[in-house]
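> Take this structure first; my questions come after.
The values are calculated or read from the model by the stated rules, or taken from the named source; none is laboratory data. None of the values given here were measured: they were computed from a predicted structure. In this analysis, Cβ positions are derived from the backbone assuming ideal geometry, glycine residues included, and neighbour counts consider all displayed protein chains.
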C-alpha cells in the first residue's frame, strides 16, 4: 500500500487531560460530561482557541453511566462555551474511542465541514449502575429481581465467550509469556510513571479538577491510581483473577478509572486566521479487526497499517504508546512488533495510570504531543486494542 497523504494538513494545537481517578476514588461523583468539560475548557485555554471558533465537537464515551450521558458530546461542547450552531458527535469504538474521536474530527475537516474541531474522550466508570432488566413489564409474585453489575458485564464479550482478561490469557499462552514477565512489566509501568511524575513530565498535559472535599472545594491535581511503592514480591502474591494458574492479576492489568482528555484540531487556514500555534500534525491512522479471542493483538496490524499509510518506517518512530490493557497483551504486541522499550510507553501506561475506556486514546495522544516536543522527537504512534477484536493506531508528527 503506497503512502496516503491527507488532502489537507491537520494539526493539533492543544492537548490536555484531567488527572485520572481510581475506581470509587476522588472523581466518583464527577460525571463523564463534567470531566469532559474540564478537559475541553483546558484545551481551549491552552491553545488560545476562542470557544466560538469551534466548528464541531467529537467526543468518545463507552459506558453511558450518568442520566444525561446520551447528550455527551453536545453537552460538553455547550458547557465549554462552544456556539450553539456547532454540531456534536459522540463516538464509541470501545477502548479506541479517544483515538476515534481524533479520526472522526479529522474526517470532518477533510470533508470541508469544519476548520477547527474539539475532540476527546471521557469516562466515569465509578458511576456504572446496577441494572434490573425487564422490570418495566412487571415481575411475577414471589420472584426476586436480579441486579446486574453493568460494569462487570460490559467486560465480558458474549461473541468471544470470554472476559477481556481471558483474551490476554490467550495471548500469554500463545506467546509463552510467564507470570513473572507480566509482573515485571506491570512494575515497570509503575516505576516509569513515578519517575515521570517526579520529574514533572505530566505537567504540560494535566488540568486540575475541582471536587467537593470535607472542608469545601478541593483541587484534584495528580493521578490517583498509580502505586509507585509496588514491588515485584508484592505483585507476585496477588492471585490470578480469571484463570487458574493464569498470568493476569490486579497488579499487571489496567486500572478501572475515571477521567477525560481533550485536544483541538485545526487546519492550516484556521491556524493562520486565529494566530494559533501548532504542536503536532496528524499524519495518518488505521483501524482493523482481529480475532475477538485475542483482541489484545489489535495494535500490531493497526500500527503496521498506520505506518504504511503514513510512509513512515517503524525504525523512524521516536515514541510508541500502546495502551496497557493487560501486561501479557502489551508484551505480545511488543514481541510481534519488535518494539524497543526505550521508545515505548516511556512514562508508564494504563497499568499505572488507569484506563478510563474512552479517555485513554485521547490521553495517549496528548502525552505523545508533549513528550515528543520535550524530547525534540519527530514521529509518535499511539495505539490501543479494542474489545470485540479491533485495533486502532494514529501517527503524529511534532512540529
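> Answer yes or no: is there a residue in segment 375-388 that is part of a helix (DSSP H, G or I) and farther than 19 Å from residue 32 by Cβ.
Yes, some residue in segment 375-388 is part of a helix (DSSP H, G or I) and farther than 19 Å from residue 32 by Cβ.
> List, please: which pairs have Cβ atoms under 6 Å, are six or more places apart or on different chains, and start with a residue in segment 181-204 that is within 15 Å of residue 224 (Cα to Cα) and end with one that is part of a helix (DSSP H, G or I)?
Pairs found: 189/351; 189/352; 190/352; 193/352.
> I've got another one for you. Please count how many residues of segment 301-333 are over 19 Å from the mean Cα position of the chain (by Cα) and not in a loop (DSSP other than H, G, I, E, B).
Total meeting the criteria: 10.
> Can I ask one more? From 98, 81, which residue is at pLDDT 95 or above, on the phi > 0 side of the Ramachandran plot, surrounded by 12 or more Cβ atoms within 10 Å (Cβ to Cβ) and in contact with a helix residue (DSSP H, G or I) (Cβ under 7 Å, 6 or more places away or on another chain)?
Sole residue among the options that is at pLDDT 95 or above, on the phi > 0 side of the Ramachandran plot, surrounded by 12 or more Cβ atoms within 10 Å (Cβ to Cβ) and in contact with a helix residue (DSSP H, G or I) (Cβ under 7 Å, 6 or more places away or on another chain): 81.
> I'd like to know if segment 114-124 contains one or more residues that are without any contact (Cβ under 8 Å) to a residue 40 or more places away in the chain, in contact with a strand residue (DSSP E or B) (Cβ under 8 Å, 6 or more places away or on another chain) and surrounded by 21 or more Cβ atoms within 10 Å (Cβ to Cβ).
no
> Right, next: Report whether or not residue 212 is touching a helix residue (DSSP H, G or I) at 6+ places or on another chain (Cβ under 6 Å), surrounded by fewer than 20 Cβ atoms within 10 Å (Cβ to Cβ) and not in a helix (DSSP H, G or I).
no
> Does any residue in segment 286-306 that is closer than 18 Å to residue 6 by Cα come within less than 9 Å, Cβ to Cβ, of a residue that is modelled with pLDDT under 95 six or more places away or on a different chain, and which pairs are these?
305/1
> With respect to residue 321, is the statement that it is touching a residue at least 40 places away in the same chain (Cβ under 8 Å) and crowded, with 24+ Cβ neighbours inside 10 Å true?
yes
> Collect the residues in segment 138-154 that are free of Cβ contacts under 8 Å to residues at least 24 places away in the same chain and within 24 Å of the chain's Cα centre (by Cα), keeping them in residue-number order.
Within segment 138-154, 149, 152, 153 qualify.
> Among the residues of segment 231-244, are any in a loop (DSSP other than H, G, I, E, B), touching a strand residue (DSSP E or B) at 6+ places or on another chain (Cβ under 8 Å), in contact (Cβ under 8 Å) with a residue 40 or more places away in the chain and buried (at least 21 other Cβ atoms within 10 Å of the Cβ)?
no
> Which condition from (1) part of a helix (DSSP H, G or I); (2) surrounded by 17 or more Cβ atoms within 10 Å (Cβ to Cβ); (3) touching a residue at least 60 places away in the same chain (Cβ under 8 Å) is the one that residue 258 breaks?
Only one criterion is unmet by residue 258, namely (1).
> Where in segment 44-137 are there strands (runs of 3 or more DSSP E), lying wholly inside it, with at least 2 residues that are farther than 15 Å from residue 265 by Cα and under 17 Å from the mean Cα position of the chain (by Cα)?
Filter on segment 44-137 gives 88-91, 116-124.
> Please find, among 51, 86, 131, the residue that is free of Cβ contacts under 8 Å to residues at least 60 places away in the same chain, surrounded by fewer than 24 Cβ atoms within 10 Å (Cβ to Cβ) and out of contact with any strand residue (DSSP E or B) (no Cβ under 7 Å at 6 or more places or on another chain).
Only one candidate passes the filter, namely 51.
> Sticking with this one: In segment 171-188, which residue that is under 10 Å from residue 247 (Cβ atoms) and in contact with a helix residue (DSSP H, G or I) (Cβ under 7 Å, 6 or more places away or on another chain) is surrounded by the most Cβ atoms within 10 Å (Cβ to Cβ)?
Here the residue is 182.
> Any idea which of (1) touching a helix residue (DSSP H, G or I) at 6+ places or on another chain (Cβ under 9 Å); (2) assigned to a helix (DSSP H, G or I) is the one residue 368 doesn't satisfy?
With respect to (1) touching a helix residue (DSSP H, G or I) at 6+ places or on another chain (Cβ under 9 Å); (2) assigned to a helix (DSSP H, G or I), residue 368 is out only on (1).
> Quickly run through segment 1-25 and pick out the residues that are crowded, with 20+ Cβ neighbours inside 10 Å and assigned to a loop (DSSP other than H, G, I, E, B).
Those that are crowded, with 20+ Cβ neighbours inside 10 Å and assigned to a loop (DSSP other than H, G, I, E, B): 18, 19, 20.
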